[in-house]
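Take a look at the structure set out below.
The values are calculated or read from the model by the stated rules, or taken from the named source; none is laboratory data. Keep in mind that what you see is a predicted model, and the values were worked out from it rather than measured. Positions of Cβ are backbone-derived with ideal geometry, glycine not excepted, and every protein chain shown enters the neighbour counts. Side chains included, ligands, DNA and RNA excluded: accessible areas come from the protein's heavy atoms. Shrake-Rupley method; radii C 1.70, N 1.55, O 1.52, S 1.80 Å.
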Amino acid sequence: MPGDDSTSNKCSIIIPSYNERDNIPILLWLIEEACSKASIAYEVIIVDDASPDGTQQAVKQMQQVLGADKVLLRPRSAKLGLGTAYRHGLQYASGSWIILMDADLSHHPKYIPTLFKVQQQSSADIVTGTRYTAGGGVSGWNWKRKLTSRGANVLASTLLGLRVSDLTGAYRLYRRSVLEQLLHVVTSKGYAFQMEMIARASALGSSIAEVPIVFVDRVYGQSKLGRSEYTMFISGLLRLFFTL
């Protein structure tokens, strides 16, 4: 059962979304299946940034099926950034453990029980899904994108002296108190955000464990990753290198 250090044993899953109408219903069903089988009490908080494709309507339909106590829609008026989406969702979270994951089905909910199992075995403050250890991987990317991602992670972990294999991964379980602390100090945006979360956590003395996952490229919708993301990653990496 998740949680061992707060008033609640519930897991709160925060999912930022934008134009994910086709993915959200499938994702919510898979979360329900994974958590029910593992007897994990959970809630999902969808932070939708005014998607024009009907994402919010899809969430409301799933509320009728799974219950408004399990599926919470907490929309915003516009796209305001990943970090602010997490902060917004955290305001409504009631769990002592927080999972952050993507809405595009690249993060399969079947790994949720494993995240908690590893946390209980290690007592880690953060358990992060990794594509870059034995048992992990990426499906649906061409070799150039795989090489770019792997190279970025090796470069970042080397420069920052971190023993984490997937600094840019976004599928993570956080002790709530640790996440709250990190969201107050992390300033990076885009691709560099997840890297700074781990770098700051390590600097603050938080313990980090890893779980191998297979990342699957989205089937529906379009990727939000563009050239500007890579630029922000490099600038963010250099800033952390000179300040941490």
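Worth pointing out:
- Against the test of being in contact (Cβ under 8 Å) with a residue 12 or more places away in the chain and either touching a Leu at 6+ places or on another chain (Cβ under 8 Å) or loosely packed, with under 15 Cβ neighbours inside 10 Å (or both), the options Val65, Val59, Val47 yield a single qualifying residue, Val59.
- Summed over the range 32-44, the residues that are open to solvent by 70 Å² or more (accessible area, probe 1.4 Å) and assigned to a helix (DSSP H, G or I) give a count of 2.
- Residue count for the range 108-166 satisfying the condition of being in contact with a Phe, Trp or Tyr (Cβ under 6 Å, 6 or more places away or on another chain) and within 30 Å of Glu33 (Cα to Cα): 6.
- Note on the range 10-30: residues that are acidic (Asp, Glu), out of contact with any helix residue (DSSP H, G or I) (no Cβ under 7 Å at 6 or more places or on another chain) and closer than 21 Å to Ala93 by Cβ total 0.
- Among the strands (runs of 3 or more DSSP E) confined to the range 93-210, the ones with at least 1 residues that are touching a strand residue (DSSP E or B) at 6+ places or on another chain (Cβ under 6 Å) and open to solvent by 10 Å² or more (accessible area, probe 1.4 Å) are located at 137-139.
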